[in-house]
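Since the structure comes first, as structure tokens, the remarks are kept for the end.
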Amino acid sequence: MQSQAKPLGDIAGGIAPVPIENRKGVGRRADSLFSVVAALSGSLVLLILAFMVLSTTNTALPIFRAEGISFVTSSDWHPANGDYGILAFIYGTLVTSAIALVIAVPISLGIAIYLVEVAPRWIKGPITYLVDLLAAVPSVVYGLWGVFVLLPLFLQPAAELLSSVLGFIPIFAGPPSGLSYFGAGVVLAVMIVPIISALSREIIQTVPDDDRYAAYALGATRWEMIRGAVLPRGRAGIVGAVMLGLGRALGETIAVALLVGSATTINTSVVRPGYSMAAVIANQFQEASGDHIKALVAVGVVLFAITIIVNIGARLIVWRMAD
Amino acid sequence: MNPSSTSSTREREETGLPMVPEAAEPVEEHKTSTSAVFTIRDLSVYYGGNIALKDVSLDIRPREITAIIGPSGCGKSTFIRCLNRMNDLIPGATVTGEVLYHGQNIYAPDVDPVAVRRRIGMVFQRPNPFPKSVYDNIAFGPRINGFKGNLDELVENSLRAAALWEEVKDKLKKSALNLSGGQQQRLCIARAIAVEPDVILMDEPASALDPIATVRIEDLMQELKKQYAIIIVTHNMQQAARVSERTAFLYTEVDEETSNRWGILVEHGETGLIFTRPKDKRTEDYVSGRFG
Ligand SMILES: Nc1ncnc2c1ncn2[C@@H]1O[C@H](COP(=O)(O)OP(=O)(O)O)[C@@H](O)[C@H]1O
Ligand SMILES: [Mg+2]
């Protein structure tokens, strides 16, 4: 009690007030140095981005001028004749990515939900590690594995089965080929499952147990709890994870170039060969010259624009869901 | 050597905390009555082989509020989680003994814990509405239970019963997360009511709320007890004295040799008696604030 009373008495008695002095020295300087460095690196990123957009667009400008809107609305791609219409590549990029998402999203969510909500602890660690490892495998390895292992073992037979069973539907019409939108889409799916499932797993892990208990206490089964409590809480984040996977699929080059079949025309059937924007750039850049090179750069500009649009779209969806 | 503890004891005695009417009739204990909602016999809980709660026997009556009090860590939450089998969700937790709900042992091998929880509502310490609209929060339970009637009506009635209708009737489609903490907790009560249980378990439902929101929850409990049996865990003795008809005092026993600790039921009975004429010295010490 004594020791408590003493300082009180001193204050009451009026100790000399200590004036507030601004801090000087290393701490203060480091603070302002830090904000300068942060601002500089921030604007550097913007500068590089702007430079990339401007320089590629500038290179591609003659093609955009010459072709006009038909650059993206025509699927005539005959560099020898100076015809540069890239619709078949845009189509291929979108179709292979869509196939990849259709396959990868349910599998990834299944893995993520299994790991967080169902798996016994001793399984969780190894599988989590394995999935993370798969995310780090270079895409050329996936591509080669796709061509040499998956193509004969699965892609070709699956394409044949699809077209023999569902061939009356135009999108599965034959003659079937493993080197096709379908083949590229499957390998893309294998590549993005680790990304989407790893991110979704982390998001599902952050769902508070309170949410789970709330659902269980109302008599929910495990599945009702997951659907009613876990997925709504994680929805925005899961959409973000899917969009990151989509971004990877849209831009993936080597694996698609190896598996898509390199046909420069649009095929309505997914078991027929096609092309993608990234694949056509990779395949033709070496041999191209003159306007052909500029046209390939222009393909890159359009791919960049599509990626940006997809990303902004994803942001908007995530924002809308967040509130 | 803590001078403040004696002074706080004196303070409590001066304010004369329990202003509860004397018991009108003697309380019969440990007698299975058919009217009991819960008849709990020799209930013990183990976490990974370590005992956490030992041999609790207690009856819970309908249309009454039973308060569970006791120091932190004595097993209050463990106890209340046994009553709707929420302990099943904790890996390594085992429960022995009997919990008869209207005479049916909810731990019998053929009883599905999911079915148990559909009859016994629970409200948690931290308000935990789903990140969904007010309406969908209330409708969640009825929907998974295959409710066939008029859902709008059920939602409105549940919100009215939880004294929340007037405040949210214009924002049923808005996210429940925009409500204040007190409103969220009443929403959670409404959500529990919507599955039409006849018992509501509350684990420190007001401990995360400000005093005004707390009073509203306590008033609401007085309304709800006309229809439901309510079991409330609280470490706030004033609250127990204010709201409950009956009080059960849990306390931690320590084995001197192994220094294992577990909770026991020291005594239970009419709240007035527990606070004014407790039978056990430990209860007396606790309610008069002599320990933690
Ligand atoms: N999920 C759990 N796993 C292991 N031990 C637990 C768990 N929950 C509670 N316990 C232990 O059981 C005892 C009682 O805890 P609890 O029921 O939370 O007490 P109270 O609610 O009275 O504060 C404590 O010793 C605590 O450490
Ligand atoms: Mg507790």
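The values are calculated or read from the model by the stated rules, or taken from the named source; none is laboratory data. Bear in mind that the values here come from a model prediction, so they are computed numbers and not experimental data. Cβ atoms come from the backbone with ideal geometry, glycine included; neighbour counts cover every protein chain shown. Please note that ligands, DNA and RNA were not included when accessible areas were found on the heavy atoms of the full protein model with its side chains. Shrake-Rupley method; radii C 1.70, N 1.55, O 1.52, S 1.80 Å.
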Exercise. What is the packing order of peptides A:57-66, B:238-247, taking the mean over residues of other C-beta atoms within 10 Å and listing the highest first?
Worked result: B:238-247, A:57-66
Seminar exercise, completed: Averaging 1/r across every pair of distinct alpha carbons in the range B:124-175 and inverting yields a Kirkwood hydrodynamic radius, in angstrom, of 11.5 Å
For this session: Measure nothing but the geometry: give the 0 to 90° angle between the long axis through the Cα atoms of B:211-224 and the longest principal axis through the Cα atoms of chain B, rounded to 10°.
Result: 80 degrees
Exercise. Add -39500 (n - 2.57) for each DSSP H run of 4 or more in chain A, then divide by its residues: what number comes out at 222 nm, to the nearest 500 deg cm²/dmol?
Worked result: -22500 deg cm²/dmol
Problem set entry | Rg/Rh ratio calculated on Cα atoms of the range B:178-292 (Kirkwood radius) | 1.03
For this session: Please state, rounded to one decimal and in Å, the Kirkwood hydrodynamic radius that chain A gives when every pair of distinct Cα atoms enters the mean of 1/r.
Result: 23.6 Å
Exercise. Counting only other chains, what is the mean number of Cβ atoms within 10 angstrom of the Cβ of each residue in peptide A:208-216?
Worked result: 6
For this session: Shielding by partners for B:195-205, please: the mean number of other protein chain Cβ atoms within 10 Å of each residue's Cβ.
Result: 1
Problem set entry | Packing rank of B:120-128, A:304-312, where each peptide gets the mean count of other beta carbons within 10 Å, highest leading | B:120-128, A:304-312
Seminar exercise, completed: A:Leu133 and B:Leu89 label points (each 7 Å along its Cα→Cβ direction) are spaced in nm at 3.4 nm
Exercise. Pairing the Cα long axis of helix B:181-193 with the longest principal axis of chain B, what angle in degrees results, from 0 to 90 and rounded to the nearest 10?
Worked result: 80 degrees
Problem set entry | Nonlocal amide H pairs with A:Tyr275, under 5 Å, H built at 1.01 Å | A:Gly92, A:Ala263
Exercise. Can you give the accessible area of A:Phe148 in Å² (nearest 10), computed on protein heavy atoms with a 1.4 Å probe?
Worked result: 150 Å²
Seminar exercise, completed: Semi-axes (Å, rounded, descending) of the ellipsoid equivalent to the range B:235-292 per its C-alpha gyration tensor are 23, 11, 10
Problem set entry | Unit Cα scatterers, Debye sum, the range B:72-147: log10 I(q)/I(0) for q = 0.13, 0.20, 0.23, 0.26 Å⁻¹ | -0.50, -1.02, -1.19, -1.31
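Show me the ranking of peptides A:277-287, A:43-53 by mean Cβ neighbours inside 10 Å, starting with the highest.
On the way: A:277-287: 18.4, A:43-53: 10.5.
Highest to lowest by the protection proxy: A:277-287, A:43-53.
State the volume of the convex hull built on the alpha-carbon positions of the range A:30-79, expressed per residue in Å³ and rounded to an integer.
On the way: hull volume 4.8 nm³, N = 50.
Residue-normalised Cα hull volume stands at 95 Å³.
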For this session: Take each complete run of DSSP H in chain A, measure how far its Cα atoms stretch along the helix's own axis, and keep only those covering 20 Å or more with mean Kyte-Doolittle hydropathy at least -1.0; list them.
Result: A:26-67, A:87-113, A:121-135, A:181-205, A:231-251, A:291-322
Seminar exercise, completed: Taking only the alpha-carbon positions of chain B as identical scatterers, the Debye log10 I(q)/I(0) at q = 0.08, 0.09, 0.16 Å⁻¹ comes out as -0.36, -0.45, -1.34
Exercise. Against the longest principal axis of chain B, how steep is helix B:3-15, in degrees 0 to 90 to the nearest 10, with axes from Cα atoms?
Worked result: 70 degrees
For this session: Return the single residue from B:Pro205, B:Pro71, B:Pro131 with maximal mean-square fluctuation; model: Gaussian network over chain B, springs between Cα atoms under 10 Å.
Result: B:Pro131
Exercise. Fully extended, how many nm does the chain gain between A:Ser70 and A:Phe168 (0.36 nm per residue separation, minus their Cα-Cα distance)?
Worked result: 32.1 nm
Exercise. When the Kirkwood radius is taken over all Cα pairs of the protein assembly as shown, what Stokes-Einstein diffusion coefficient follows at 10 °C and 1.306 mPa s, in µm²/s?
Worked result: 53 µm²/s
For this session: Using Cα pairs closer than 8 Å and at least 6 residues apart in sequence, work out the relative contact order for the range B:176-292, in percent.
Result: 18 percent
Exercise. For chain B, modelled as a GNM with alpha-carbon contacts under 10 angstrom, which of B:Val45, B:Val114, B:Val215 fluctuates the most?
Worked result: B:Val114
Exercise. Under a point spin-label approximation (7 Å from Cα along Cα-to-Cβ), what is the A:Val318-A:Val26 distance to one decimal in nm?
Worked result: 3.8 nm
For this session: Over the whole of B:123-133, what's the average partner chain Cβ count within 10 Å per residue? Rounded to a whole number, please.
Result: 4
For this session: Search the structure for amide H atoms under 5 Å from the amide H of B:Gly263, placed 1.01 Å from N in the peptide plane, and list their residues when 5 or more places away or on another chain.
Result: B:Leu53, B:Lys54, B:Glu253
For this session: Could you list, in their original order, any pairs among B:Lys174/B:Lys226; B:Lys132/B:Lys174; B:Lys132/B:Lys173; B:Lys132/B:Lys226; B:Lys54/B:Lys76 whose Cα atoms are separated by more than 19 Å?
Result: B:Lys174/B:Lys226; B:Lys132/B:Lys226
